[in-house]
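Take a look at the structure below.
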């Protein structure tokens, strides 16, 4: 089985390869890996890391690199998309344009996610069209952010053969299970939402919902990431555990203040860190794996730093929990083997989440086997949960329209209707700011004014 990784020079690619070598299901079907990237130097650096990982591993998947997109896609069984259009320099613009206007500047949430989507949707659609032509039977596993939006855009070309993945929901479920001293592999999650906007509303163990026990225990809640982010009283008020990205909605002022008060945004930190990493590997290829491991530990420990006190460290079990690479491998294995698995994925809604359009991509538990991926029905969401999903989904769909039809009014609407943008005037300023700072965004609307 041949796996093609788009964005193959990305820093997190060794996580996927490591899972193939033994960090995931033992029956990994992948025999060949093709890495594609537009940056040959980054491809070379990552290939050195993978070579280090493969040492002393019998029958490690063969690795080939290519800067030719068609060559990388043709004949693939699975295409894993983890691209970053505009690179980390683009991410810093996503963050800073918003922050300069006093609005949340974050990679996927709020106006930064809209700007990222505007420049990424056209590239993702081009990839989808190439897959349709060169590898029509391939499954596409999308990790490219904003994951729900990009998955939905690609489904317009490839239908249900595009599935989005994220590690946040599974991390949330595992933390809740561990807090109750339960085996995370023996619980079933009642989760509903969009990518980076969801809630764990049930946690079933031996047929019984045990989440109320956790919510009633303020001491246990204080021991998990969500308890530290939101406070036990708010979680008890909600009657659910929110995805950590909801910090940006429930604690917007604190998030903006925290980011603005930092010496660097997350994007600026990663840009500096990864520039140093790739330079270090180029200078000493023999140390590529040890250098990558050290830098990865620094990266993981600093995740969502704006939400923590200066002396507060992220929980070690959370950092080591493993994430999207495990989801990707489990998904590939279930599709190949035919054995039924249930996992939280980004898929076409159909009727799974009442109140959202059938074509909307949602993040819900799904049954996966050789016949494909089927979203499971969820308990209806109501009140602010449904309202937030509807409002953010409208912004996502307006972004897709803007990017595909080069419609500047749709772009303005995407910013203006997003719940983290506080006025139409701010929306206009955001659009103008992103057009001024990001050439790919401006090029979309060059003929629209």
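FYI, it's all coordinate maths here, none of it is from the lab. Just so it is clear, the structure is predicted and the values come from calculations on it, not from any experiment. Cβ placement follows ideal geometry from the backbone for every residue including glycine, while neighbour counts extend to all protein chains displayed.
Couple of notes before you dig in:
- The chain: most fluctuating residue of 244, 107, 298 per GNM, C-alpha cutoff 10 Å: 298
- Sorted by Cβ neighbour density within 10 Å, fewest at the top, the residues 116, 245, 191: 245, 191, 116
- Calculated Rg and Dmax of the Cα atoms in Å (choose from [x] 22.0, 67; [y] 20.9, 60; [z] 22.2, 72), label: [y]
- Tensor-based shape of the stretch 192-238 (alpha-carbon gyration tensor, a/c under 1.5 rounded, otherwise prolate or oblate): oblate
- On the beta carbon distance between residue 1 and residue 442, with R0 = 41 Å, the FRET formula returns roughly 0.50.
- Extending 7 Å from the Cα toward the beta-carbon at both residue 264 and residue 417 defines two label points whose distance is 3.7 nm.
- GNM result for the chain, Cα springs below 10 Å: residue of 160, 206, 71 fluctuating most strongly: 206
- Added length on full extension, which subtracts the Cα-Cα distance from 0.36 nm per residue, residue 298 to residue 379: 25.3 nm
- The overall shape of the stretch 169-250 is oblate: from the C-alpha gyration tensor, with semi-axes ordered a ≥ b ≥ c, the ratio a/c is 1.5 or greater and a/b is no larger than b/c.
- Put the Cα centre of the stretch 248-294 next to the Cα centre of the stretch 1-76 and the gap is 23 Å.
- By the count of other C-beta atoms within 10 Å, a proxy for reagent exposure, 73, 150 are ordered fewest to most as 73, 150.
- Under the simplified labelling scheme, the residue 406-residue 180 pair shows an inter-label distance of 5.4 nm, with each label point 7 Å from Cα along Cα→Cβ.
- Distance in nm between pseudo-label sites at residue 160 and residue 55 (7 Å out along the Cβ direction from Cα): 4.6 nm
- Rounded to the nearest 0.05, the FRET efficiency derived from the C-beta distance between residue 339 and residue 432 at R0 = 41 Å is 0.20.
- Those residues of the stretch 427-443 whose amide nitrogen sits under 16 Å from the label point placed on residue 126, 7 Å along Cα→Cβ: 439-443
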